[in-house]
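Just below is one structure, and these are the notes that go with it.
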Amino acid sequence: MHCAEASQLLDELAATDVEGNTIAPGILDAERLWALSSARIRNALRFWIRQLGLPVPDTTNLNRILDEVLPASADAEPLVRWPGAEVRSYRGHLYAMAPLQPVPKDWHVDWSGAGNLTLPAGLGQLALRTTRGWGLKAELFESAVVSAHFRAGGEHCRPVGRGHSHSLKKLFQEAGIPPWQRDRIPILSVRGEVAAIADLCYGEAFATAAGEAGLGVLWDHGCH
C-alpha cells in the first residue's frame, strides 16, 4: 500500500514538473528543469519519456542526460541514445524522440508537381496547393525540371524580400531549427538553384508575384 502511494505521489510530482516545463510535445525547457534537484529531474525525465511512449533509460543513460545533455552549451550537439530512444538538446531545450532513420545519401528525384511526393526515411510527403500572391510560380513545373533533394552542404537561397542570398545553414539557424533536423528538410531546386525550402521559404527568383496565381508547398511530415 505504502509503495503504491509513494509511486503515485512521484508520478503526480513528475506530471507537475513536466507540464510546467513543456514547450511542445517531446520538448522540455532544459534551463528551468535544471533548476530542480537531481532526484526530481530524474523522476521527471523518467515520467516524461514514458509518457512519450519511449523506452525509459537505465540509470547510466539517465545520469548521462543530467551530466552531458542538460548542462550543454547552446552551440553543443549532445546526444544520449539507448535502444528505442534518444535525447538531445538545442538552445536550452531538451528533445526526446525515437531514433531517427538515416536519410539516403545523395537522394534526389525530379518531380512534376502532380500528386504527392513520398520522401524517404519516414519524412512524409510533399504536395502542392494553389495560392495567390505567394508560393512558387504556377508555370514552374511546366517549364523547368524541379528536383527534390536534401541538403548536401554549401547551398544558398535568396528568400523573398531578403534582397540577397544566405546559406541554408544561416537560414536554419535563424529559424531555430535543430542541427539534426536540417539535413532532413526537403528542398526543391531548379537548375541547381534553391527554389523552396520545404514549406519554410521560397527563393525570390522562383516566387510568384503579388496578386498572381502560385503554388504553395505542403509538407506533411508529422514528427521529424
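The values are calculated or read from the model by the stated rules, or taken from the named source; none is laboratory data. All figures in this text were calculated on a predicted structure; none of them were measured in a lab. When we count neighbours, we look across all protein chains shown, and the Cβ atoms used for this are built from the backbone with ideal geometry, even at glycine. All accessible areas refer to the heavy atoms of the entire protein, side chains included, with ligands and DNA or RNA removed. Shrake-Rupley method; radii C 1.70, N 1.55, O 1.52, S 1.80 Å.
A few points about this structure:
- Here segment 84-124 is the region considered, the condition is being of a type in the set (Gly, Ala, Ser) and under 22 Å from VAL56 (Cβ atoms), and the residue that is farthest from the chain's Cα centre (by Cα) is GLY84.
- Exactly one residue out of LEU119, LEU128 is touching a Gly at 6+ places or on another chain (Cβ under 6 Å), more than 30 Å from PHE47 (Cα to Cα) and of a type in the set (A, V, I, L, M), and it is LEU128.
- Residues satisfying the stated conditions in segment 30-41, i.e. of a type in the set (D, E, K, R) and either over 25 Å from the mean Cα position of the chain (by Cα) or over 18 Å from GLU68 (Cβ atoms) (or both): ARG32, ARG40
- Among residues of segment 129-143 being more than 24 Å from the chain's Cα centre (by Cα) and closer than 12 Å to LEU218 by Cβ, the one that is surrounded by the most Cβ atoms within 10 Å (Cβ to Cβ) is THR131.
- The set of residues from segment 199-218 being surrounded by fewer than 20 Cβ atoms within 10 Å (Cβ to Cβ) and either over 18 Å from GLY161 (Cα atoms) or hydrophobic (A, V, I, L, M, F, W, C) (or both) comprises LEU200, ALA205, ALA209, ALA210, ALA213, LEU218.
- Selection of segment 48-71 for residues being open to solvent by 30 Å² or more (accessible area, probe 1.4 Å) and either assigned to a helix (DSSP H, G or I) or under 20 Å from ASN21 (Cβ atoms) (or both) yields ARG50, GLN51, LEU52, GLY53, VAL56, THR59, THR60, ASN63, ARG64, ASP67, GLU68, PRO71.
- For segment 108-148, the set of residues classified as in a strand (DSSP E or B) and in contact with a helix residue (DSSP H, G or I) (Cβ under 7 Å, 6 or more places away or on another chain) consists of LEU136, LYS137, VAL146, listed by residue number.
- Contact annotation: residue pairs with Cβ atoms under 9 Å, 6 or more positions apart or on different chains, pairing a residue in segment 117-138 that is without any contact (Cβ under 8 Å) to a residue 24 or more places away in the chain and farther than 13 Å from ALA213 by Cα with a partner that is in a strand (DSSP E or B) and polar (S, T, N, Q), are THR118/GLN125.
- Residues within segment 172-189 that are modelled with pLDDT of 95 or more and of a type in the set (Val, Ile, Thr), tallied: 2
- Segment 35-47, residues that are in contact with a Leu (Cβ under 8 Å, 6 or more places away or on another chain) and surrounded by fewer than 15 Cβ atoms within 10 Å (Cβ to Cβ): SER38
- Which listed residue, of LEU79, LEU119, LEU126, LEU100, is buried (at least 18 other Cβ atoms within 10 Å of the Cβ) and within 30 Å of TRP48 (Cβ to Cβ): LEU119
- Top-ranked residue in segment 144-161 [being of a type in the set (Gly, Ala, Ser) and within 19 Å of the chain's Cα centre (by Cα); ranked as modelled with the lowest pLDDT]: GLY153
- Residue that is open to solvent by 60 Å² or more (accessible area, probe 1.4 Å), in a loop (DSSP other than H, G, I, E, B) and closer than 30 Å to SER73 by Cβ, where the choices are ARG162, ARG184, ARG151: ARG162
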